[in-house]
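**Student:** Below you will find the structure I want to go over with you.
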Amino acid sequence: MPSRETTIIDHKERINRVLIHIQENIDKPLSLEALADVACFSPFHFHRIFAAYVGETLNDYIRRTRLEWAAMKLW
């Protein structure tokens, strides 16, 4: 059974993979199911883990990131 520390490191690596995927595909549709697949979690578990690590829900994060991306394109 993995230690708590190993689990935390694993979760962070998976969430980071998703954050990179979102940044690289911000102009494409991003579904909970597809992003959960990137992280190798079930959609339910991924949504909980993502919110715990990032501090906002997946949809809020994507919305904010898209707004920031659009604002940068206006400059």
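**Student:** Residue separation times 0.36 nm, minus the C-alpha to C-alpha distance between His45 and Arg4: what's the value?
**Tutor:** Taking His45 through Arg4 to full extension adds about 13.1 nm, to one decimal.
**Student:** Next question. Take Arg66, project a point 7 Å from its Cα along the Cβ direction, then tell me which residues of the range 1-42 have their backbone nitrogen under 11 Å from it.
**Tutor:** Answer for this model: 26-31.
**Student:** Using every alpha carbon pair in the chain, what percent of pairs falls into each 10 Å bin from 0 up to the bin containing the largest distance?
**Tutor:** In order of increasing distance, the bins hold 19, 51, 22, 7, 1, 0 percent.
Taken together, the values in this text are just the output of simple stated rules run on the coordinates, not laboratory data. Given the structure is predicted, the values throughout are model-derived calculations rather than measurements. Methodologically, a virtual Cβ is constructed for each residue, glycine included, from the backbone with ideal geometry; neighbour enumeration extends over all protein chains shown.
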